[in-house]
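Just below is one structure, and these are the notes that go with it.
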Amino acid sequence: MELQNGRPANEAGRLEKEIRTYDLLDKLHVSYQRIDHEAAETMEICAEIDKVLEATICKNLFLCNRQKTNFYLLMMPGDKTFKTKELSKQIGSARLSFASPEDMEHYLDITPGSVSIMGLMNDTENVVQLLVDEDVLKGEYVGCHPCINTSSIRIKTEDLFGRVLEAMHHTMRVVKLVGEE
């Protein structure tokens with residue numbers, strides 16, 4: 001794994017949704033670094049990627065209420081424990097659960113294992129609400145997938161939650177998770 005500046009020189013074999021991520025960042029003149037790697041399907045693999053990226057690697061959880069009328073993308077540090085009850089209380093939504101892979105693909109155009117804030121660019125109707133644990137905002141950089149889990153990108157935190165989020169026409173709600181019931 002080697003850190004590269006910007007988009008891949010050769011885009012052959014890459015999915016359109018990954019290329020759309022680079023197109024958006026380039027259009028906004030947001031600098032980013034990228035690494036390609038094996039599919040990152042566990043937090044352990046993400047920890048190895050983190051050593052190269054030197055960024056806050058997040059757990060990204062796609063959640064919904066029981067009625068499937070509200071959808072949430074939660075970004076939290078990978079080392080924190082997620083407690084449904086704790087988050088439900090803060091956002092005033094009872095019975096949160098993981099949303100289905102079908103809903104994930106429908107709203108964010110991503111598949112399980114590739115969940116990323118960058119998927120919000122595909123949520124043109126603003127159905128998904130972004131929830132960000134306050135600790136994610138403390139680092140200089142955030143690491144995320146470009147809508148596919150065989151690459152990771154590093155973006156300055158202020159750019160990601162500023163210009164990039166604004167260009168995706170989304171806002172964030174900051175939450176405080178401590179892993180307690």
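The values are calculated or read from the model by the stated rules, or taken from the named source; none is laboratory data. Model, not experiment: these values are computed from the prediction. Backbone-built Cβ (ideal geometry, glycine too); neighbour counts: all protein chains shown.
Does D133 qualify as being surrounded by 18 or more Cβ atoms within 10 Å (Cβ to Cβ) and over 23 Å from E41 (Cβ atoms)? When the stated conditions are applied, D133 does not pass them.
Restricting attention to the range 139-167, the residues being more than 28 Å from E38 (Cβ to Cβ) and either crowded, with 21+ Cβ neighbours inside 10 Å or free of Cβ contacts under 8 Å to residues at least 60 places away in the same chain (or both) number 5. Scanning the range 54-69 for residues that are surrounded by 16 or more Cβ atoms within 10 Å (Cβ to Cβ) and either of a type in the set (F, W, Y) or over 15 Å from the mean Cα position of the chain (by Cα) (or both) turns up F62, C64, N65. Output the residues belonging to the range 70-105 that are over 19 Å from N126 (Cα atoms) and under 15 Å from the mean Cα position of the chain (by Cα). Those that are over 19 Å from N126 (Cα atoms) and under 15 Å from the mean Cα position of the chain (by Cα): M76, P77, G78. Listed conditions (1) modelled with pLDDT under 90; (2) more than 20 Å from M121 (Cβ to Cβ) are all met by I35, apart from (1). Restricting to the range 26-45, name every residue that is free of Cβ contacts under 8 Å to residues at least 60 places away in the same chain and surrounded by 18 or more Cβ atoms within 10 Å (Cβ to Cβ). Across the range 26-45, there are no qualifying residues. Just a yes or no: is a residue in the range 8-25 among the aromatic types (F, W, Y), in contact (Cβ under 8 Å) with a residue 24 or more places away in the chain, surrounded by 16 or more Cβ atoms within 10 Å (Cβ to Cβ) and part of a strand (DSSP E or B)? Scanning the range 8-25 turns up no residue that is among the aromatic types (F, W, Y), in contact (Cβ under 8 Å) with a residue 24 or more places away in the chain, surrounded by 16 or more Cβ atoms within 10 Å (Cβ to Cβ) and part of a strand (DSSP E or B).
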